[in-house]
Each structure stands twice: as structure tokens, then as C-alpha cells.
Amino acid sequence: MELKRIPLEHLHEKLGAKMTGFAGFNMPVRYSSDKAEHFAVRNSVGVFDVSHMGEFMVYGEKALDLIQKVTSNDASKLTDGKAQYSCLPNDKGGIVDDLLVYKIADKEYMLVVNASNIEKDWNWIQSHNTEGVEMKNISDDICLFAVQGPKAIETLQKLTTTDLATIPYYSFTKGSIGGVNDVIISATGYTGAGGFELYVHKNSAETLWNKIFEAGKDFDIQPIGLGARDTLRLEMGYCLYGNDIDDSTSPLEAGLGWVTKFTKPFINSEKLQLQKEQGVSKKLVAFEMTDKGIPRSHYEICTESGEKIGEVTSGTISPMLNIGIGLGYVKTEYSNLDTPVFIKVREQLQPAKVVKLPFYKK
């Protein structure tokens, strides 16, 4: 299947990015090295082009009703200019996708979904759209830049009269930035390093990208690829769809009880409520290696005697901590903090322990 192209692909190639297929798109995986890019975001500022993500507009009288039905979080709590992390539960106890819900205005919302799930999510939501709510898939028209790091705010403030320091976490505004109008400036991100995500029409994307890099010169701003995006999100313990959550993992097993609100009915809410009352048999845990060894996805998690108790879903060496870290599902009785576990690395059992998230604390 031919890979889809993001609008600024030519620019990334010019910057020397190594391009790779990801979620059906040809994407920049790295420009220099994953480690250097990771440190750029943690210590200063970096920019990710994540224009492969999907955006759906939902409008009208029954827009909120539809969102309430298909998402697990309570979107009625949103006020204009607020965003919310949520998930789309399926009817079998798993997760169709995780997403962000933006309340643009009364009766107007934007849903931001994972690139690999754009068509799947659209079809799923439409299959439950029994009231004929107006929906528009604007994914192909929107570019998304994540400007992340402690110097992100200083970089972007040079380009806008909007006072960025007054935008709280998980809030957003529409404004002019770098001479480009109608940009959604959102205090969200997937790195734990602070910063903003900018939603811009593809026709103005290159202009805005260049303005951001001009403004960030003083801070040695860097373009950042998917490699560092993965290590940054993992240091925070943020789930990646397809690795840590999927159609077979329940939000309660995945530690997403905080976005699963039983204050309203939603798809499969009765079964999930029952699961909450009865408890789950497996849980997603964070673990740190206590010795050498790099955990990788699908490695077995075992007891000291070698009995398999689970599986790694994401694993890497943390650039900031310089130790192996990972997420994985284990039998619930092994999910308590400081529980010793063993990761099977090339047939060798390497010691680890269950820890509290995030792995990296500023």
C-alpha cells in the first residue's frame, strides 16, 4: 500500500530527515540522532511535524450527545477553549482509540485521533451517529506542529500578541501566530516537557514552520523525529495506541480509569462499570530495570523462577535516566509498587521493579 504524504515532506527531506513508514504515512523518524533530539526537547525546544494525526469537526444541537455516547470521559465538563483526553471504548471491553476532545464553541467540537485509526474511528463514530450529527473530516487540510520544551513559550511568544503564559494546561485559543491567522494554539503535548501544539491550515504550514525556526534560533531549536517522540512519551509513561492500548485492552486495565466516567452512559459503560466493581485480572504497570538490559515490546515479564506473568508493551533506554524503562501488562497481583519482576532479554532473566510514573521527573 502506498504511503500517504504529509504536506511538508519535501522540507523534512531537505533537512536531512530519515523518512520511514509510520501509521500509513511517510514520516521523519530522525534528523540527527534520537538522543540528541530527545535532549533538545528536554533542555530547550524542538518541533515535531505530526500532521499525520486526524481531526474531525462535530457540529450542531446533538454534537455533545454524540461525543458523550462514544467517549469515556465526561465532555459536558468542557467549557469553550478547553481540551480533554479521552478514549473511544468498543463494545467488547477494549479501546477503539484514544483521542483529544476540543470544545471550540457551543455546539462545535474537534476530535483529534491517531493517524493509524483515522478511517476506523470515523466509521466507528458514524456507526453510532443515529441523530444525524454533522461531522467533517478535516485531517487532510490540517497540519499539526508540536513545539515542545522549556524554551517553547519564549520561542512562540515572539510570534504572537496572545499571552501564551495565560493559557492553562489542556486549554487553547485561536489566534494569529507568525502572521498566520486562525491557528489553534493548544497547551498540550506528548512529551512532558511543556509547550504547545499548533493546528494550522496546510496552505500556511510552511510559512509558520519557517517563522518558528527563525524565532527559536537563540535557543538552538531543532526539528524532532518520531524516534525521540517515542522515548520522550515513554519517560512520562504516556500510552501509545497499538502498543500499550488497543482493541483488546480495557481502559481500566490500562490505568485510564481517570478518563472513564460513569456519571453518564456511554458505549459499553455497563460492562466496564462491572469490571471496575469486580476488579481486573491484569494491569498496565511501569517498570525500571535494576541492572543492565534493554526492555523491548513483546519481551516476556516473568517471576524469578521464570513463570510468565505478562508482556512488555513499550520499552527503551531512558536518555535522561540512562536505565532501561518500560510499560507492560502483568497479572494484577504483581502490579504493586516495588514488586520485583524479571524481563526476559535474549533468554536471560534481567531484574526490574514496578515503579510509579512518570519515570522522569523534572
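Readers should treat all values here as calculations from the given coordinates under stated rules, not as data from a laboratory. These numbers come from a predicted model, not from an experiment. Virtual Cβ from ideal backbone geometry, glycine too; neighbours counted across all protein chains shown.
Results, tabulated for the structure shown:
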quantity: Two-site label geometry, S305 and T263: point separation in nm, points 7 Å out along Cα→Cβ; calculated: 4.7 nm
quantity: Residue-span extension gain [K35 to S76] - 0.36 nm each, minus C-alpha spacing; calculated: 10.7 nm
quantity: Cross-link reach list, aspartates and glutamates versus K62, counting only Cα pairs under 20 Å and skipping chain neighbours closer than eight places; calculated: D74, D80, D106, E108, D121, E131, E134
quantity: Length gained when the stretch A105-E347 is fully extended (0.36 nm per residue, less Cα-Cα span); calculated: 81.6 nm
quantity: Relative contact order computed over the stretch 321-362 (Cα-Cα under 8 Å; 6+ residues apart), in percent; calculated: 33 percent
quantity: Alpha-carbon centroid distance for the pair the stretch 40-86 / the stretch 156-195, whole angstrom; calculated: 15 Å
quantity: Hypothetical label at D141: residues of the stretch 111-130 whose amide nitrogen lies under 15 Å (7 Å Cα-Cβ projection); calculated: 111
quantity: Residue exposure sequence - R30, R346, R233 - by fewest surrounding Cβ within 10 Å; calculated: R346, R233, R30
quantity: Within the chain, helix-based [θ] at 222 nm, where runs of 4 or more DSSP H residues each add -39,500 (n - 2.57), nearest 500; calculated: -6000 deg cm²/dmol
quantity: Amide H within-cut-off set for V341, under 5 Å, with H built and near neighbours excluded; calculated: A352, K353, V354
quantity: Per-residue Cβ neighbour rank within 10 angstrom, fewest leading, T191, T162; calculated: T162, T191
quantity: Selected from L234, L11, L156 as most flexible by GNM, with the chain as the system and alpha-carbon contacts under 10 Å; calculated: L11
quantity: Efficiency of FRET between Y170 and S281 - r from beta-carbon atoms, R0 30 angstrom, step 0.05; calculated: 0.40
quantity: Relative contact order computed over the chain (Cα-Cα under 8 Å; 6+ residues apart), in percent; calculated: 17 percent
quantity: Dipole in debye (nearest 20) - the chain, about Cα centre, beta carbon charges: Lys, Arg +1; Asp, Glu -1; calculated: 640 debye
quantity: Built amide H within the under 5 Å cut-off of S171, gap 5+; calculated: A83, A187
quantity: E270-T207 pseudo-label distance in nm [points 7 Å out on the Cα-to-Cβ vector]; calculated: 5.4 nm
quantity: Added length on full extension, which subtracts the Cα-Cα distance from 0.36 nm per residue, E13 to E333; calculated: 110.3 nm
quantity: Residue among G132, T339, C143 farthest towards the positive dipole end of the chain, charges placed on Cβ; calculated: T339
quantity: Per-residue Cβ neighbour rank within 10 angstrom, fewest leading, F22, F56, F342; calculated: F22, F56, F342
